[in-house]
1. Give the long-range amide H neighbours of Gly52: residues separated by 5 or more places, or on another chain, with amide H under 5 Å away, using H modelled in the peptide plane at 1.01 Å from N.
2. In the set (1) 1.30; (2) 1.10; (3) 1.19, which value of Cα Rg over 2.2 N^0.38 Å was calculated from the structure you see?
3. I'd like the Karplus ³J(HN,Hα) series for the stretch 88-103: coefficients 6.51, -1.76, 1.60, θ = phi - 60°, whole numbers in Hz, and an x wherever there's a Gly or Pro.
4. Normalised by the number of residues in the chain, what is the relative contact order in percent for Cα pairs under 8 Å and 6+ residues apart?
5. Through the Karplus equation 6.51 cos²θ - 1.76 cosθ + 1.60, θ set to phi - 60°, convert the phi angles of the stretch 21-34 into ³J(HN,Hα) values in whole Hz; use x for Gly and Pro.
6. For the stretch 35-86, please report how many Lys pairs fall under 21 Å Cα to Cα, leaving out neighbours fewer than 8 apart on the same chain.
7. Rounded to the nearest 500, what is the chain's calculated 222 nm mean residue ellipticity when only DSSP H runs of at least 4 contribute -39500 (n - 2.57) each, over all residues?
8. What distance in nm separates the two pseudo spin-label positions at Thr25 and Arg94, each 7 Å out from Cα along the beta-carbon direction?
Amino acid sequence: MYIYNVTTNIEEAAHESWLQWMKQTHIPDVLATGKFLKAKMSKVLVEEEMGGHTYSVQFIVATREILEAYYKEDAPRLRKDAVALFAGQFVSFRTEMKVVSDQVAEIVEE
């Protein structure tokens with residue numbers, strides 16, 4: 001398993017419309033490519049000097065090959081949509097991670 005993480009800082013003025021677009025359009029569009037198993041969006045709780053709001057979206061993908069296919073077949077179009085709507089109002093960086101362990105806490109009943 002791999003995680004394709006996109007961390008974005010969005011300016012205050014565009015925050016609400018960007019957040020709605022991410023949840024209702026962009027993340028569903030990425031998942032609709034059929035390449036990812038699920039996505040999780042989190043708000044980063046550290047305040048940035050630049051201001052705005054920072055979010056991390058983690059897309060879970062089975063193999064690097066599938067992720068590479070996403071980069072070639074889908075990413076340019078989907079990234080272009082974000083730039084068209086929110087140009088100059090956000091910065092993003094992407095990180096690829098390989099899952100080395102996935103553990104679940106045991107619930108002990110008393």
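Each reported figure results from applying straightforward, stated rules to the coordinates on display, with no laboratory input. Everything numeric here is computed off the predicted structure, so don't read it as measured data. Glycine also receives a Cβ, built like all others from the backbone with ideal geometry; neighbour counts cover every protein chain displayed.
1. The answer is Glu12.
2. Here Cα Rg over 2.2 N^0.38 Å agrees with entry (3).
3. Ordered by residue, 3J(HN,Hα) equals x, 10, 8, 10, 9, 9, 10, 9, 9, 9, 9, 6, 10, 7, 9, 10 Hz.
4. Here the relative contact order equals 45 percent.
5. 4, 4, 6, 9, 10, 5, 4, x, 5, 5, 5, 5, 5, x
6. Close lysine pairs found across the stretch 35-86: 4.
7. -8500 deg cm²/dmol
8. So the two model labels end up 2.0 nm from each other.
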